[in-house]
Amino acid sequence: MKRKPETAQKPADRMLADVPLEEEVVLVRIDVAGDDVEPLLERGIVPGCTLCPVRHAPVGGPTVYRVDGVLVALRRETASCLCVRSSLEAAGVLDSN
Amino acid sequence: MLDRGSAPGAGVDRGAPLVAVVGPPNSGKSTLFNHLTGLRQRVANYPGVTVERRCGTVNLPVGPVELIDLPGVHGLSPRSLDQMVTRDVLLGEFEGDRQPDAIVLVLDATRLKSHLMVAEPVLALGLPTLVVLTMADELNRRYGALRRSSLSEELGVEVALVNARDAATLQPVRAFLKALHTGGEEVRACPIVAVAEHPEGRGAGRALPMIDLFAERRQRARELGRSAGFQAPRPSRTNERLDALALHRFWGPVVFAGVVAVVFQSIFAWAVPLMDGTEAAIAASGNYLGSVLPESWFRSLLLDGVWAGVGSVMVFLPQILILFFFIAILEDSGYMARAAVIADRLMHRVGLQGKSFLPLLSAYACAVPAIMSARTVEDERDRIATIFVAPFMTCSARLPVYALLIAAFIPAQPILGPFFGTQAAVLIGLYVMGVVAAIVTAALLKRTLLRGRSAPFVMELPPYRLPTVRSILTRLLDRTKVFLRRAGKIILAVTVVLWVFTQFPRMPGGEAPPIGDSALGQAGQVIEPAIEPLGFDWRIGIGLVTSLAAREVIVGTLGTIYGVESDDEEAFELQAALQQDLDLGSAVALLVFFVFALQCMSTVAIMRRETGGWRWPALQFCYMLLLAYAGAWVANAIL
Ligand SMILES: Nc1nc2c(ncn2[C@@H]2O[C@H](COP(=O)(O)OP(=O)(O)OP(=O)(O)O)[C@@H](O)[C@H]2O)c(=O)[nH]1
Ligand SMILES: [Mg+2]
């Protein structure tokens, strides 16, 4: 496999909503405004935590994620405010620091 | 020695140490509280069950300890009314309460990493604290591990690892409570460092520091877990298989529908032998009393009034218990949280959030606790919208009315073999009408009076758990008590009063008048013009008036009216009497009326309390009455 060109500087960040099932990712940034962010934070959904989508609910409902071993359901609109990168890349970044 | 001298709360023993049970939702606080106090707080397997503060006494050999069960919280910065209660109690700001002398912090051992995050602000209160890690059984079963003593060392307070469902494992908790009296070494105020303040005002500008605050808090929690040798339990295979089914895009909804169908079919089919038994027992006891009591006004009151009235309602106890049996299984198994996830899409369309779904589901038992549990809904407008529509969900008090009318007017025919018949289908139809009314009303409200943005949905899914026989039996027992108490109070009182009104004015010969000429009959005839367009006569009219107290009272009322009316010595048939009085159109009209109308004083009272005024309950009552009248009129007109 070819490595990504170095010009990308940092690994490509994606939104959690675009992550396929069973891919483990690390949260890097939360783009949720104000009050709405706290319910996420309290449940341990903070930058640095690992998230893994495990199941989509029927008829376009929320998606169930495994967050540090606990199942939490989030709507798509919330998941598209959570900026993540794959856990391998995240580990790489941590190593290089 | 521990009394801080401030005013004790209602029902709180002044001298006894006051201990608050705190922790994240669904961690087993109420289970623990129940075991220690012997009370029966509601327990179920989804977050947000307890929404009020509840006191209980633990009687130890050294003296009593007052325990307070609290709503679950993830921190001390409340966003909803239930979380506010917890915060206020912990800070000693709850009206009439002093600050607790000690804290029992309940954390789920299988979720230790995220649950330790709440330890920080709670320990920072500086009160003597015992950390109770529940779910020790599940931790073991799924190969998780942790060193209790290391965690205790790291936190600087005692730590107990228990199975809150097993009283035998709760000894360390009792020891802690005892030490509050004797000053034992278990009681240590936590020495933990001052915790970074929660940013006061919230808003977009302040969001960033808050994220950092929690990121650091999580980091510390993880380090704590690591030094305590915490090994997260493996995900359970059964759990994953069950979720694969419950949340499957095709099978998920099918399972949901299947569950609903089985519940309703069993309410009719399975209940029959039980109901026949109850009915026979009531009839037999009535006949026996009739044969031993001499002819007198007392005999008439007892048989025509009380036995006919209260007895007609009692017959429905088996059906209500079957309903509650299923509710117990659904709530204790963890399926409810999945149902809320499936329903979130619909709720979102309506303008509500998935969280509102759990209170609405519990309204199938009774609207009163449902309206209270809507306290967990964070957005105030969403909360009002939720409690406004909750009474549309078919509560168990409607079941006797539905069951009586359906049995009398809908012939039982199989639709899908023995599993599903016409009567169950009509019953489901009535439930669906209620749901549709709730959805439409909520959508209307959220687009007019309660317009606002829709709040985010974050829902934790608890693991599936096998309901215990004990918890199901206690629920059924409690429900039976509630049912009997209502029958013994409201229904008994109403039937006695009604009977008295059927006895006057006395005829010239001194005997009771024909019922149409009695005071009751005359009152009924005043009501009749208003309900004639719906196809009801004065008897139903009286029933509708008395059912304002509580819905099932109409069954008792009709029992008394027909009971007085029938001259037979033998027990009369309420169904047969109704068939004389109503045709299919007016029977359906009556059903429709009960689907929509808000005939329940307890609901009105709790609405007033939870909304802080008469405005919402008044609007709700009028709106629902209007809908009921219009719906019944249409049903009577077209059938
Ligand atoms: N296996 C196991 N189950 C438990 C234990 N403690 C509680 N439960 C179950 O966990 C679920 C939640 O228990 P509750 O006592 O209602 O939890 P709570 O903390 O009061 O929850 P909220 O009132 O929602 O904050 C119930 O299904 C209990 O039967 C335990 O130690 N082991
Ligand atoms: Mg509780």
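The values are calculated or read from the model by the stated rules, or taken from the named source; none is laboratory data. Owing to the predicted nature of the structure, the values given are computational and were not obtained by experimental measurement. Cβ placement follows ideal geometry from the backbone for every residue including glycine, while neighbour counts extend to all protein chains displayed.
Which of the helices (runs of 4 or more DSSP H) found entirely inside the range B:511-603 contain at least 3 residues meeting this: over 30 Å from B:Trp614 (Cα atoms)?
Those helices (runs of 4 or more DSSP H) span B:519-531, B:553-565, B:574-581, B:584-596.
Restricting the range B:61-109 to residues that are among the polar types (S, T, N, Q) and closer than 24 Å to B:Glu380 by Cα, which is farthest from the other protein chains (Cβ to nearest Cβ)? Working first, answer last.
Residues of the range B:61-109 that are among the polar types (S, T, N, Q), as a first pass: B:77, B:80, B:83, B:86, B:99.
Restricting the remaining residues to those that are closer than 24 Å to B:Glu380 by Cα gives B:77, B:80, B:83, B:86.
Working: B:Ser77: 7, B:Ser80: 10, B:Gln83: 10, B:Thr86: 13 Å.
Ranking the candidates gives B:Thr86 first.
Any residue that is more than 21 Å from B:Met210 (Cβ to Cβ) and under 12 Å from the mean Cα position of the chain (by Cα) - is there at least one of those in the range A:37-46?
no
Report, ordered by the first and then the second residue, all pairs with beta carbons closer than 6 Å, sequence separation of six or more or different chains, a first member in the range B:62-88 that is outside the structural domain of B:Arg111 (by TED's automatic domain parsing), and a second member that is assigned to a strand (DSSP E or B).
none
Considering each of A:Arg55, A:Arg29 in turn, give the residue that is among the charged types (D, E, K, R), surrounded by fewer than 18 Cβ atoms within 10 Å (Cβ to Cβ) and modelled with pLDDT of 85 or more. Full working, then the answer.
Values: A:Arg55 fails: surrounded by fewer than 18 Cβ atoms within 10 Å (Cβ to Cβ).
Answer to the selection: A:Arg29.
Checking B:Phe230 against (1) assigned by TED's automatic domain parsing to the domain that holds B:Glu153; (2) at pLDDT below 90, only one condition comes out false. Which one?
All conditions pass for B:Phe230, except number (2).
Check B:Ile329, B:Ile322, B:Ile342 and return the single one that is assigned to a helix (DSSP H, G or I) and within 14 Å of chain A (Cβ to nearest Cβ). So that I can check it myself, show each step before the final result.
Working: B:Ile329 fails: within 14 Å of chain A (Cβ to nearest Cβ); B:Ile322 fails: within 14 Å of chain A (Cβ to nearest Cβ).
The conditions single out B:Ile342.
So which residues in the range B:32-56 are within 9 Å of ligand 2 (Cβ to nearest atom) and on the phi > 0 side of the Ramachandran plot, if there are any at all?
B:Gly48
Could you grab the pairs with beta carbons closer than 6 Å, sequence gap of 6+ or different chains, first residue in the range B:148-167 and within 16 Å of ligand 2 (Cβ to nearest atom), second one acidic (Asp, Glu) and not in a helix (DSSP H, G or I)?
none
Within the range B:33-49, take every residue that is in contact with a Leu (Cβ under 7 Å, 6 or more places away or on another chain) and away from chain A (no Cβ under 14 Å) and give me the one that is nearest to ligand 1 (Cβ to nearest atom).
Only one residue fits best here, namely B:Phe33.
Please specify each residue of the range B:347-375 satisfying the condition of being within 13 Å of another protein chain (Cβ to nearest Cβ) and either among the β-branched types (Val, Ile, Thr) or in a helix (DSSP H, G or I) (or both).
B:Met347, B:His348, B:Arg349, B:Gly354, B:Lys355, B:Phe357, B:Leu358
Collect the residues in the range B:226-238 that are in contact (Cβ under 8 Å) with a residue 60 or more places away in the chain, closer than 21 Å to B:Asp137 by Cα and more than 10 Å from chain A (Cβ to nearest Cβ), keeping them in residue-number order.
Residues satisfying the conditions are B:Ala228, B:Gly229, B:Phe230, B:Gln231, B:Ser236, B:Thr238.
Exactly one condition in (1) touching a Lys or Arg at 6+ places or on another chain (Cβ under 9 Å); (2) part of a helix (DSSP H, G or I) is false for B:Ala425; which is it?
The failed condition is (1).
Check whether at least one residue in the range B:106-124 is more than 16 Å from ligand 2 (Cβ to nearest atom) and not in a helix (DSSP H, G or I), and report yes or no.
yes
Taking the range B:462-509 as the region of interest, how many residues are away from ligand 1 (no atom under 16 Å from the Cβ), in a loop (DSSP other than H, G, I, E, B) and not polar (S, T, N, Q)?
6
Here are some conditions: (1) surrounded by fewer than 17 Cβ atoms within 10 Å (Cβ to Cβ); (2) out of contact with any Lys or Arg (no Cβ under 8 Å at 6 or more places or on another chain). B:Thr468 meets all but one. Which one does it not meet?
Among (1) surrounded by fewer than 17 Cβ atoms within 10 Å (Cβ to Cβ); (2) out of contact with any Lys or Arg (no Cβ under 8 Å at 6 or more places or on another chain), B:Thr468 violates only (2).
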